[in-house]
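Here's the structure we're looking at; comments come further down.
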Amino acid sequence: MSCSKRHLKRLFKAKKEFYTEQLAVKNEASVRVRGNDAATENIAHCNSFHSTNATREKLPLKNFFRDKIKAWQIKNRIGHKSLRELLFILKEENLDVPLSPLVLLDLKNEEVVIEHVPGKYVHLGLKNQIKKIESSVLEFNEIVFDINFDGLPLFNSSRTQLWPILIRIVNIPNISVFPVGIYKGKQKPSDIDKFLSYFVNEFQFLKVNGLEPGGKICELKIRSLICDAPARAFACGIPHHTSAHGCSKCTAEANKFRNTLVYPTKVGKIVSDEDFDLRRHIDHHQIGFRTVKTPFEKVNLKMITQVPLDPMHLIDLGVMKKFLVRILKNKLSYEKRLCVANKKQISDHLESLKIHIPKKFVRLPRSIEQVAHWKATEFRQFLLYTGILVLKDKVHEDVYYEFLLLHCACRLLSCSKNVHSNLKNAEDTLKLFVENFPKIFGDDSVSYNVHSLLHLADSVKTLGAIQNFSAYDFENYLQN
Ligand SMILES: [Zn+2]
């Protein structure tokens, strides 16, 4: 062993001092620890460390544990080899230190791969990533951002998937979406607390102490969490959208009808942020989160108003796709069915529109026969632009009227300038669309997405036009 006896004594003294400090911090903190899982307890322990410090006066970074070790290393001229051994011991005790001496001494960015059963996680860091765009944020006093995460298959031939935590800054123009942490594994992350712990801890710290781009304090704010329905259920600790209590926005319950889960065409009792916080509708929370806060509640995110229904998955890949697939598969009453000749005419008409589509559109229209392979942006183009032309006189008039209802409502909700004055009209139009849906497509057709249209206007009230809180930017980033 290369360490002398004296040196080891110093290491243990430093560790003892740290444990004494942690014990005092733990006594002050009131963070609830879920279950007996030791790993979960360590995360909560880590949270308590940050949140307790957060409630103190704003402390300069040098007072924190890492800086104490740095100062100790410099004072005693500890070599990197010995320092690495100390960091390894502390890391084994689940303390918040990097494994690399270079990272501790700020000679290298912290991108440490962490075992995160059933995969691995690397935390790139909010602070590190914002540092890269420092020149763009210098003149702003606050940075407001949206968060997104979702599973992304890496290869067709394996189950390996990525789960990046993505950030979109909304109050500063021309900044691309960037990741702050990435999970990789053969299955999705098993525990939302662990998956988000590094992000939540860092955000809590920066929220209190501020970020200092160019030496100026800059406040950080989360505007909203934007995810598809499965990721939203995972993040919010709510039942999956394919369960009876899957709607987090109201108390409506879905019922089984011919082996299909069918949602009501009317809104139940509206759930408020306070209702969610106080767990007033207990069936609308996963068992593990009925007495325990979810990670985003720990950073004071309002779980109803700041977690909108993402229009890309809800409308374009959800209701619009279902609408077209049902027509193509003739899943509607006999007299409303689409004949083969009209199906071909719709496809031909769409193909003929290619030459009229401006370059701003990333995709050109293609045959309706290929609807199973359409991308979200193609459904959006059909809904807002081409559908109104190609469906006219080709589908039954009731079907066309139903399409017009959705077209008009989404047009009104997409107009940034007049969205608030149009809100009541759009809301009423969507109500009519949802009420009519089972009359056209059958009693088993009202899915979670169709029902959720009834809540879309509420998100528009707080976040503006639907493109403001759509997942398109995140999806584009993931494609790249
Ligand atoms: Zn609902």
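Observations, loosely collected:
Residue by residue, here is whether (1) of a type outside the set (Ser, Thr, Tyr); (2) modelled with pLDDT of 90 or more holds:
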{"residue": "Ser136", "(1), (2)": "no, no"}
{"residue": "Glu142", "(1), (2)": "yes, yes"}
{"residue": "Ile147", "(1), (2)": "yes, yes"}
{"residue": "Phe155", "(1), (2)": "yes, no"}
{"residue": "Ser158", "(1), (2)": "no, no"}
{"residue": "Gln161", "(1), (2)": "yes, yes"}
{"residue": "Pro173", "(1), (2)": "yes, yes"}
{"residue": "Pro179", "(1), (2)": "yes, yes"}
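- In the range 267-285, the residues that are farther than 12 Å from Cys236 by Cα and in a helix (DSSP H, G or I) form Cβ pairs under 8 Å with partners that are at pLDDT below 95 and away from the ligand (no atom under 16 Å from the Cβ), at six or more places apart or across chains, as follows: Ile282/Arg290.
- In the range 83-99, the qualifying residues are those that are more than 20 Å from Glu202 (Cα to Cα) and in contact with a Pro (Cβ under 8 Å, 6 or more places away or on another chain), and the one that is surrounded by the most Cβ atoms within 10 Å (Cβ to Cβ) is Leu83.
- Scanning the range 360-400 for residues that are among the hydrophobic types (A, V, I, L, M, F, W, C), touching a residue at least 60 places away in the same chain (Cβ under 8 Å) and in a helix (DSSP H, G or I) returns Ala376, Phe379, Phe382, Leu383, Val399.
- Only one of Cys236, Cys227 that is closer than 27 Å to Thr462 by Cβ and within 16 Å of the ligand (Cβ to nearest atom): Cys236
- Among the candidates Lys186, Lys207, Lys221, residue that is basic (Lys, Arg) and under 27 Å from Gly246 (Cβ atoms): Lys186
- Residue identified as within 22 Å of Glu369 (Cβ to Cβ) and surrounded by fewer than 20 Cβ atoms within 10 Å (Cβ to Cβ) among Lys331, Lys302: Lys331
- Odd one out for Thr242 among (1) within 16 Å of the ligand (Cβ to nearest atom); (2) free of Cβ contacts under 8 Å to residues at least 40 places away in the same chain: (2)
- Residue count, the range 245-259 (criterion: away from the ligand (no atom under 12 Å from the Cβ) and part of a loop (DSSP other than H, G, I, E, B)): 2
- Among the candidates Val292, Val319, residue that is in the same structural domain as Ser470 (by TED's automatic domain parsing) and within 23 Å of the chain's Cα centre (by Cα): Val319
- Looking only at residues in the range 386-432 that are polar (S, T, N, Q) and closer than 18 Å to Ala457 by Cα, the one that is nearest to the chain's Cα centre (by Cα) is Ser414.
- Restricting the range 425-453 to residues that are away from the ligand (no atom under 16 Å from the Cβ) and among the charged types (D, E, K, R), the residue that is farthest from Arg232 (Cα to Cα): Lys439
- Residues in the range 260-290 that are surrounded by fewer than 12 Cβ atoms within 10 Å (Cβ to Cβ) and either within 8 Å of the ligand (Cβ to nearest atom) or among the aliphatic types (A, V, I, L, M) (or both): Leu278, Ile282, Ile287.
- Selection within the range 438-478 - without any contact (Cβ under 8 Å) to a residue 60 or more places away in the chain, of a type in the set (D, E, K, R) and either farther than 25 Å from Asn255 by Cβ or buried (at least 19 other Cβ atoms within 10 Å of the Cβ) (or both): Lys461
- Residues in the range 295-324 that are β-branched (Val, Ile, Thr) and at pLDDT 95 or above: Ile304, Thr305, Val307, Ile315, Val319.
- Selection of the range 336-346 for residues being at pLDDT below 95 and within 38 Å of the chain's Cα centre (by Cα) yields only Lys343.
- Yes/no for Asp193 being away from the ligand (no atom under 16 Å from the Cβ), more than 18 Å from Lys298 (Cα to Cα) and not small (Gly, Ala, Ser): no
The values are calculated or read from the model by the stated rules, or taken from the named source; none is laboratory data. Everything quoted here is computed from the prediction, not taken from an experiment. Cβ: placed from backbone, ideal geometry, glycine included. Neighbour counts: every protein chain shown.
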